[in-house]
1. Which strands (runs of 3 or more DSSP E) sit wholly inside the stretch 14-78 and have at least 2 residues that are among the acidic types (D, E) and under 26 Å from S4 (Cβ atoms)?
2. Only one of these conditions is not met by G78: (1) crowded, with 20+ Cβ neighbours inside 10 Å; (2) touching a helix residue (DSSP H, G or I) at 6+ places or on another chain (Cβ under 9 Å). Which number is it?
3. How many of the residues in the stretch 36-74 are among the aromatic types (F, W, Y), surrounded by 19 or more Cβ atoms within 10 Å (Cβ to Cβ) and in contact (Cβ under 8 Å) with a residue 60 or more places away in the chain?
4. Does any residue of the stretch 92-113 turn out to be in a loop (DSSP other than H, G, I, E, B), closer than 16 Å to N140 by Cβ and in contact (Cβ under 8 Å) with a residue 12 or more places away in the chain?
5. Of the conditions (1) in a loop (DSSP other than H, G, I, E, B); (2) touching a Phe, Trp or Tyr at 6+ places or on another chain (Cβ under 8 Å), I210 fails just one. Which one is it?
6. Which one of Y138, Y144, Y235 is of a type outside the set (G, A, S) and not assigned by TED's automatic domain parsing to the domain that holds T56?
7. Could you please give the count of residues in the stretch 166-203 that are assigned to a loop (DSSP other than H, G, I, E, B) and modelled with pLDDT under 90?
8. Among the residues of the stretch 278-305, write down those that are over 21 Å from the mean Cα position of the chain (by Cα) and free of Cβ contacts under 8 Å to residues at least 12 places away in the same chain.
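The values are calculated or read from the model by the stated rules, or taken from the named source; none is laboratory data. Here the structure is a predicted model, which means the values were calculated and not measured. As a convention, Cβ positions derive from the backbone with ideal geometry for all residues, glycine included, and neighbour counts pool all protein chains shown.
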Amino acid sequence: MNRSYINPPHLSNEKSLKTLVENRTAYNLNHCELNIFETYKASKLVPLQFNDLVVTSMLRGKKVMHLFDDPSFEYLPGETVMIPPNVEMKIDFPEASKNNPTQCLALAIDQQKIIHTLDFLNERYPKDGSKQYWHLNYQNYYFYNNVELATTINKLIKECMSTSVTKDVLADLSLQELLIRIIQIQTAKSIEDGLYTDQNSPIIPVIDYIRLNLRENINLKSLSEKACMSTTSFYRFFKKEIGMSPIEFVIKEKIRCAKKLLKNPSIQINEVCHLSGFEDSNYFIRLFKKHEGITPKQYQLLNVN
C-alpha cells in the first residue's frame, strides 16, 4: 500500500493499434520523450530497451519485470521503476487482454539534461555532509510513488501531450522537479532500508532518535537540537534531503512500526496504537487508512505470519 496513483490517459482507439503487445504512442519534446505502452494480449519475456535513462510508471494492469540479475517482481499501478541507458528489460504480461489491457508510461530523459540538472543542484543547493552530492542511485531503482512524484509525473504527461508553444519550457521545469523527487524518494528508501551511506550526516542521529522514541512527544525543536541546528535550518535541510517534513517522517515511522506489530495475529488494535506512539485509537485508525488504504484490522488479517 502507501502509494500514489498517476492519472492514466485514455486508451488508444482500437483502430489505431499497431500491435496488441506493447503498442506505443510517443510524444517528443526537446529533452525528453514520453512513451505510452499498451498491451492487449498475454505475453512473456517481451524485450524493451532505451538509449537514455527512462523513468517508467504503471498506469493500468500488471506486469512482471525481469531486470538486471535480480529476481523478477510484480509491477503495479502506483509504482515507478528507473532504468539506466542501454539496459534491456524483459516483461511478462500475465493478465493482459482486450478487456483488461496494461498501460505503462516510459519517460526517456536526455542525458545532458540530467547532467545539467545535477550540476545545478550541487552548485546552488549543495547537500550537507562530507562528499555528499545530488545523484541518481541506479541500484535503488524500484519504489512506490508518493504524492509529490505522482503530481510531477501527471504534470509531465499533461505538458508532453499539450499543443501549447510553451510546453517544452514547462516540461523542462517539471523534468528538474522529477529528478529531485526521485532522489528524495531514493534517500528516504535508503534510510528505511538501513542503507544510507553518509554516517556523518546530521540526519543519522535524528533518525536514530525518532526510531528509539516513537512513544515520546517528538517535536521539531527536539529534533533540531539532536541535529545541532536551528529549527528553521533543520526543517529546510530535512525536507530537502528526503522530500518530507520531519513530522511527516515521524508519522511515517509510526505507521511502519504499526505495520510490523500488526503481523502478530493476537495483538489488539488499541495495543498497536499505544506501542507505535499514537495516543488516540480513532486518530490512529483514520491515519493508518489514509496512508495504507485499509484499516489496521484489515491490514492485520491480510498480513498475519
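1. Values: elements: 23-28, 32-39, 43-48, 53-60, 63-66, 73-75.
In the stretch 14-78, 32-39 are the strands (runs of 3 or more DSSP E) which contain 2 or more residues that are among the acidic types (D, E) and under 26 Å from S4 (Cβ atoms).
2. Of everything listed in (1) crowded, with 20+ Cβ neighbours inside 10 Å; (2) touching a helix residue (DSSP H, G or I) at 6+ places or on another chain (Cβ under 9 Å), G78 misses just condition (1).
3. Of the stretch 36-74, the ones among the aromatic types (F, W, Y) are 37, 40, 50, 68, 73.
Okay, now just the ones that are also surrounded by 19 or more Cβ atoms within 10 Å (Cβ to Cβ), so 37, 40, 50.
Next cut, in contact (Cβ under 8 Å) with a residue 60 or more places away in the chain only: 37, 40.
Selection size over the stretch 36-74: 2.
4. Within the stretch 92-113, the first condition is being in a loop (DSSP other than H, G, I, E, B), and the residues that meet it are 94-101, 110.
With closer than 16 Å to N140 by Cβ added as a condition, the list becomes none.
No, the stretch 92-113 contains no residue that is in a loop (DSSP other than H, G, I, E, B), closer than 16 Å to N140 by Cβ and in contact (Cβ under 8 Å) with a residue 12 or more places away in the chain.
5. Answer for I210: the failing condition is (1).
6. Values: Y138 fails: not assigned by TED's automatic domain parsing to the domain that holds T56; Y144 fails: not assigned by TED's automatic domain parsing to the domain that holds T56.
Testing whether each residue is of a type outside the set (G, A, S) and not assigned by TED's automatic domain parsing to the domain that holds T56 leaves just Y235.
7. Taking the stretch 166-203 first, the residues assigned to a loop (DSSP other than H, G, I, E, B) are 166, 193-202.
Right, trim to modelled with pLDDT under 90 and you get 193-202.
Number of matching residues: 10.
8. Result: E279, D280, N282, Y283, R286, T295, Q298, L301, L302.
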